[in-house]
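Inspection log for the structure reproduced underneath, given as structure tokens.
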């Protein structure tokens, strides 16, 4: 699996980080487990930490363009990741999941839950702006 976790596309700023070797090694191992690139894991962690510290995410979304608000309102996991999460959930229900798979499922569930929380912010802002009249417009 490669690519970003979220379908939302925002402008990207290139930054060079100097990390201690042990931190880079930990991030690299996490990226490998998540089937992602190291820079994606770092960017997601920074974004998540920043958003968690932002007291009013709705204000942040309110400052976005209509296009970005609609993209957030339509946010979804890429098909490959959604399929993998479904496969892992099925293994868990059948009692056949191993420790690594369980960890992977927990990661996907966390991503899914966080994405849905942000998606709700996007939907609320889209409705507020009159960009959508029903949830059917977001499919």
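Just so it is clear, none of the values below were taken in a lab; they were calculated from the coordinates. Source: prediction; values computed, not measured.
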If you take Cα extents along the principal axes in Å from the coordinates, which of [x] 46, 44, 25; [y] 85, 47, 24; [z] 43, 28, 28 do you get? [x]
Taking the 0 to 90 degree range and rounding to the nearest ten, how far is the long axis of helix 99-129 tilted relative to the main principal axis of the chain, both from C-alpha atoms? 10
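Using 0.36 nm per residue of separation minus the Cα-Cα distance, give me the extension gain between residue 30 and residue 17 in nm, one decimal. It would help to have the intermediate numbers written out before the result.
Values: separation 13, 0.36 × 13 = 4.68 nm, distance 1.75 nm.
Roughly 2.9 nm would be gained on extension.
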Using only Cα atoms, find the angle between the long axis of helix 21-34 and the longest principal axis of the chain, and express it within 0 to 90 degrees, rounded to the nearest 10. 80
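Per DSSP H run of n ≥ 4, the term is -39500 (n - 2.57); total these for the chain, divide by its residue number, and report the mean residue ellipticity at 222 nm rounded to 500 deg cm²/dmol. Please list the in-between numbers first.
Details: 6 runs with 90 residues, N = 139.
That comes out to -21000 deg cm²/dmol.
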Would you compute, for the Cα atoms of segment 58-138, the largest minus smallest coordinate along each principal axis and list the three values in descending order, in whole Å? 47, 24, 17
Relative to the chain, whose Cα atoms define the longest principal axis, helix 79-93 and its Cα axis are tilted in degrees, nearest 10, by 60
